[in-house]
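Data block below; observations after.
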Amino acid sequence: MKVLQWFFRCLCSPSNRRARRKAAIVGSRCGLYGTLSSSKPQPSFGILFDIDGVVVRGKTPIPAAKNAFQKLVDSRGQFVVPVVFVTNAGNCLRETKADQLSHILGVNITQDQVVMSHSPLTMFKKYHEKCVLVSGQGPILEIATNLGFNNVVSIDMLREWFPLLDMVDHNRRPKLPSCPVGNLSVVEAVILFGEPIRWETNLQLIIDVLLTNGNLGGVHLTQNLSHVPLLACNMDLVWMAEAQSPRIGHGTFLVCLENIFKKVTGKDLKYEALMGKPSELTYHYAEYLIRCQMMQRQWKPPITSLYAIGDNLMTDIYGANLYNRYLEERAAREKMKALAKMAAATGFGAVVPQEDVSDNLWESKLVLPSVTSCKSILVSTGVYSPKVKVPCNAHRCIQEMVFHGHRDFSFKPELVEPLYIVQDAAEAVDLIFEQEKFVRCQEF
């Protein structure tokens, strides 16, 4: 018994490398590795990290983030708990973002640990064979193809085919008359990946597509009751880069598009789907990746809790709390269904509640969630400033805030109240380990 206690004490020592090496030799000779593998800490929780304002500011790493990730990996560089990065960025592939994070943090991050704002589009298979217009910047055609779309056109392609449509910049107006391309497929859906470079061009051509039902050779049909499906990623009104104040983001572009459409038609612009934080769809997809990590690492306990670390009250905190509310409501529905089935089995004839149709639109695409809670943690290294006091449960203070969230997400003060407020990512990890009573054991 004393040998076994010494063995584990040495192996779990983070600083005494010689003791760990000696214990490894003894363990090999004495057959103690079966005991070791069954005694490793088994996480029953996962962590979701925002990137901008939590891990980096622009391209500059936040020092505390490196410290945080040293606490999350063992001596082999393997994560001791499942971790997923959830970002509203959408201007690169998941693999590219994973490589960037690996370089910044000094730990190995795979693309399966990254959720971009556009990642859930892989589930919208009914559009994968349709002709879709994509807007944004970066390698958006490659991103769309990687997500499963097989018939993609860009704003620049439309400008080339219909040069008379982009007329705001006098220097870019065509010098000679041009005829539209006759064999272009009708655009059947529009996907907004992120803020574009030339807003005036993108706003004009997207409005053209919406008002002509995708037929750019036609005239505007402002009295139409519907328009081609519109899917948008990243609703961030502002985000944090190297500047001292937040920068406007894709959410601001959406505000412009919505108001132009409303001003021209008198009707509200309708979205087929909104992705990125704070959408429940994005958190559900992130939780799915957490469970995949659990299976790959053969960690036995089921995931029961998620911790979402972010710097933006209107996206990170709102989204985590919104998903937590969804989990609570779903659990309540399941409980009611179970009680109704029991009542029906005993002859009381209770009616079993039906699933909400809105849930099935995206829940059916992935394994149903297994977690029971999603806990929000606000850090002070990005958009949120500790100079603006936002204490927990301060409803009056929060009710006076200007809501920066998207038009289609109603403002509820309780959804922008963080469960915890800490200084940085390192403090957030310490808090999570303390809450979960998780003791990290270094592997030799």
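Modelling each spin label as a point 7 Å along the Cα-to-Cβ direction, I'd like the Arg325/Val264 distance in nm, to one decimal.
The modelled label-to-label distance comes out at 3.3 nm.
How much length is gained on full extension from Glu434 to Gln298, taking 0.36 nm per residue of separation minus their Cα-Cα distance?
On the way: separation 136, 0.36 × 136 = 48.96 nm, distance 2.34 nm.
46.6 nm is the gain from fully extending Glu434 to Gln298.
Could you pull out the GluC sites (Glu not before Pro) across segment 236-342 that fall in loop regions by DSSP (anything but H, G, I, E, B) with no more than 10 other Cβ atoms inside 10 Å?
Values: sites: Glu242, Glu258, Glu272, Glu280, Glu287, Glu328, Glu329, Glu334; in loops: Glu242, Glu272.
Those satisfying the criteria are Glu242.
For segment 125-166, what does the alpha-carbon gyration tensor say about shape, rounded, prolate or oblate, given a ≥ b ≥ c as the root eigenvalues, a/c under 1.5 as rounded, and a/b over b/c as prolate? Display every interim value, and only then the final one.
Values: a/c = 3.20, a/b = 1.72, b/c = 1.86.
Because a/c hits 1.5 or more and a/b fails to exceed b/c, segment 125-166 counts as oblate.
Can you work out the PRE-style zone for Thr60? Point 7 Å along Cα to Cβ, and I want the residues of segment 411-425 with backbone N under 18 Å.
Answer for this model: 424-425.
For a protection proxy built on the mean count of beta-carbon atoms within 10 angstrom, sort 61-67, 422-428 highest first, please. Don't skip to the answer; put the middle values down first.
Working: 61-67: 17.9, 422-428: 20.7.
Descending packing order for the listed peptides: 422-428, 61-67.
Sort the following peptides by mean Cβ neighbour count (other Cβ atoms within 10 Å, averaged over residues), highest first: 294-305, 144-155. All intermediate terms of the calculation are to be shown ahead of the outcome.
Details: 294-305: 13.6, 144-155: 17.9.
Result, highest mean Cβ count within 10 Å first: 144-155, 294-305.
At 7 Å along the Cα-to-beta-carbon direction for both Asn146 and Asn108, put a label point, then send me their distance in nm to one decimal.
Each label point is offset 7 Å from its Cα along the Cβ direction, giving 2.0 nm.
Bear in mind these aren't lab numbers, they're just calculated from the coordinates by the rules spelled out. Quick caveat, the model's predicted, so the values are computed rather than measured. Every residue, glycine as well, gets a Cβ built from its backbone with ideal geometry; the counts of neighbours run over all protein chains shown.
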